[in-house]
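The block underneath contains the structure these notes are about, expressed in structure tokens.
The values are calculated or read from the model by the stated rules, or taken from the named source; none is laboratory data. Computed from a predicted model, the values in this text were never measured in an experiment. Cβ: placed from backbone, ideal geometry, glycine included. Neighbour counts: every protein chain shown. Surface areas here come from the heavy atoms of the whole protein model, side chains and all, with no ligands, DNA or RNA. Shrake-Rupley method; radii C 1.70, N 1.55, O 1.52, S 1.80 Å.
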Amino acid sequence: MPLIPLPFQPQQHTHLATWAIKADLTVRELPIAYHNLLNLSANGGYTTASYLKIKHATLDGENILYVPYIAGLSAAAVDQRYFVPNLLEQNKFRFHEAVRSYEIIFYEDHDRVLTFGYQNAMQPNQPQIIYHEYSTDTHFVVAETFQQFLDNLRFHPDPLPHVSLDSYHRANAAFLHAKSPRELAHCFRHYADPHLNADTQWYQAWLDYYATHENAAYQLISKEAAENFDASR
């Protein structure tokens, strides 16, 4: 499962084997499958298969977990809230103090967190994948290894759940996964709402990206959305 890079976020190199992450955990302890994913697709990006079937209920639905992105690994700091996070910047994750010392966050959206958990790891670089949902005090293991986690991610035929819970990451995923001019137009209309979009720079970045898209129909949608957005301000 390759990752889709955020089009307006610079890509960085990942060769940081001796860098410390937290406590006694370094980049060397991260799963090989994680390194392969970043090196073969994108250094942090949005998932092409985003749904994990599980045995528990989550805020995403009954027996399902939605994972729109996986954090990257870079020496450079991430300087925009709407960029894909950097795993090395654990202190920028909202719940970095809530997870255990043997856990490393690689996904966080609102109160939903996925970590590499090393306490019961099969091998030093084969941590379990642990899910935390802090608003409901829900915590459980979703996979024994990161490779198993990736293998279990699936496509879903229904629309992405970006209406019930809005965030930059779910919005970015919705824009990237738009399969038609109609879906793209919906994204631009939905996220033009000032209650959802507090950052006009982020919205403008998507307007600029689709303004030069290879699909002329997408270019037209972007132009119309830009005109409507300017008129509303």
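It is to be established whether one or more residues within the stretch 125-132 are closer than 15 Å to residue 32 by Cα, part of a strand (DSSP E or B), free of Cβ contacts under 8 Å to residues at least 24 places away in the same chain and in contact with a Ser or Thr (Cβ under 9 Å, 6 or more places away or on another chain).
Residues of the stretch 125-132 closer than 15 Å to residue 32 by Cα: 125-129.
Now restrict to residues that are part of a strand (DSSP E or B): 128-129.
Filter once more, keeping what is free of Cβ contacts under 8 Å to residues at least 24 places away in the same chain: 128-129.
Next, only the ones that are in contact with a Ser or Thr (Cβ under 9 Å, 6 or more places away or on another chain) stay: 128-129.
Within the stretch 125-132 (the criterion being closer than 15 Å to residue 32 by Cα, part of a strand (DSSP E or B), free of Cβ contacts under 8 Å to residues at least 24 places away in the same chain and in contact with a Ser or Thr (Cβ under 9 Å, 6 or more places away or on another chain)), the answer is yes, since at least one residue qualifies.
If I filter the stretch 68-87 down to residues being open to solvent by 20 Å² or more (accessible area, probe 1.4 Å) and at pLDDT 95 or above, which single residue comes out as nearest to residue 125 (Cα to Cα)? Break it down into steps so the answer makes sense when it comes.
Of the residues in the stretch 68-87, the ones open to solvent by 20 Å² or more (accessible area, probe 1.4 Å) are 75-81, 83, 85.
Then keep just the ones that are at pLDDT 95 or above; that gives 83, 85.
Details: 83: 27, 85: 21 Å.
Here the residue is 85.
Residue 65 fails exactly one of the following numbered conditions: (1) in contact with a Ser or Thr (Cβ under 6 Å, 6 or more places away or on another chain); (2) of a type outside the set (Phe, Trp, Tyr); (3) open to solvent by 20 Å² or more (accessible area, probe 1.4 Å). What is the number of that condition?
(3)
Considering only residues of the stretch 3-33 that are in a loop (DSSP other than H, G, I, E, B) and in contact with a Leu (Cβ under 7 Å, 6 or more places away or on another chain), which is surrounded by the most Cβ atoms within 10 Å (Cβ to Cβ)? Quick ask: steps written out before the conclusion?
Here is the first cut: in the stretch 3-33, the residues in a loop (DSSP other than H, G, I, E, B) are 5-19, 23-24, 30-31.
Among the residues that remain, those that are also in contact with a Leu (Cβ under 7 Å, 6 or more places away or on another chain) are: 14, 16, 19.
Working: 14: 19, 16: 17, 19: 12.
The extreme case among them is 14.
Does the stretch 120-130 include one or more residues that are closer than 24 Å to residue 201 by Cβ, touching a strand residue (DSSP E or B) at 6+ places or on another chain (Cβ under 9 Å) and open to solvent by less than 10 Å² (accessible area, probe 1.4 Å)? Outline the logic, then answer.
Pass one, the stretch 120-130, residues closer than 24 Å to residue 201 by Cβ: none.
Looking for residues that are closer than 24 Å to residue 201 by Cβ, touching a strand residue (DSSP E or B) at 6+ places or on another chain (Cβ under 9 Å) and open to solvent by less than 10 Å² (accessible area, probe 1.4 Å), one finds none in the stretch 120-130, hence no.
Which one is most open to solvent (accessible area, probe 1.4 Å) among residues in the stretch 138-179 that are at pLDDT 95 or above and assigned to a loop (DSSP other than H, G, I, E, B)?
144
Among residues belonging to the stretch 46-62 that are crowded, with 18+ Cβ neighbours inside 10 Å and hydrophobic (A, V, I, L, M, F, W, C), point out the one that is farthest from residue 146 (Cα to Cα).
The first filter runs over the stretch 46-62 and keeps only residues crowded, with 18+ Cβ neighbours inside 10 Å, leaving 46-47, 50-52, 54, 58, 60.
Among the residues that remain, those that are also hydrophobic (A, V, I, L, M, F, W, C) are: 52, 54.
Numbers: 52: 13, 54: 15 Å.
The residue in question is 54.
Mind listing just one residue for me: the one in the stretch 212-222 that is over 14 Å from residue 186 (Cα atoms) and either touching a Phe, Trp or Tyr at 6+ places or on another chain (Cβ under 9 Å) or not aliphatic (A, V, I, L, M) (or both) and, of those, most open to solvent (accessible area, probe 1.4 Å)?
Only one residue tops the list, namely 214.
Just wondering, is there one or more residues in the stretch 28-45 that are of a type outside the set (Phe, Trp, Tyr), more than 25 Å from residue 122 (Cα to Cα) and in contact (Cβ under 8 Å) with a residue 60 or more places away in the chain?
No, there is no match, as no residue in the stretch 28-45 is of a type outside the set (Phe, Trp, Tyr), more than 25 Å from residue 122 (Cα to Cα) and in contact (Cβ under 8 Å) with a residue 60 or more places away in the chain.
Filter the stretch 67-99 down to residues that are in contact with a Leu (Cβ under 9 Å, 6 or more places away or on another chain) and in contact (Cβ under 8 Å) with a residue 40 or more places away in the chain, then give me how many there are.
14
For the stretch 182-207: of the residues being open to solvent by 50 Å² or more (accessible area, probe 1.4 Å) and in a helix (DSSP H, G or I), which is modelled with the lowest pLDDT? Please lay out each step first, then the result.
Our first condition is that a residue be open to solvent by 50 Å² or more (accessible area, probe 1.4 Å); within the stretch 182-207, this holds for 182-183, 186, 189, 193-196, 198, 200-201, 204.
Pick out the ones that are also in a helix (DSSP H, G or I) and you get 182-183, 186, 189, 200-201, 204.
Working: 182: 95, 183: 94, 186: 92, 189: 91, 200: 87, 201: 91, 204: 94.
Among residues in the stretch 182-207 that are open to solvent by 50 Å² or more (accessible area, probe 1.4 Å) and in a helix (DSSP H, G or I), the one modelled with the lowest pLDDT is 200.
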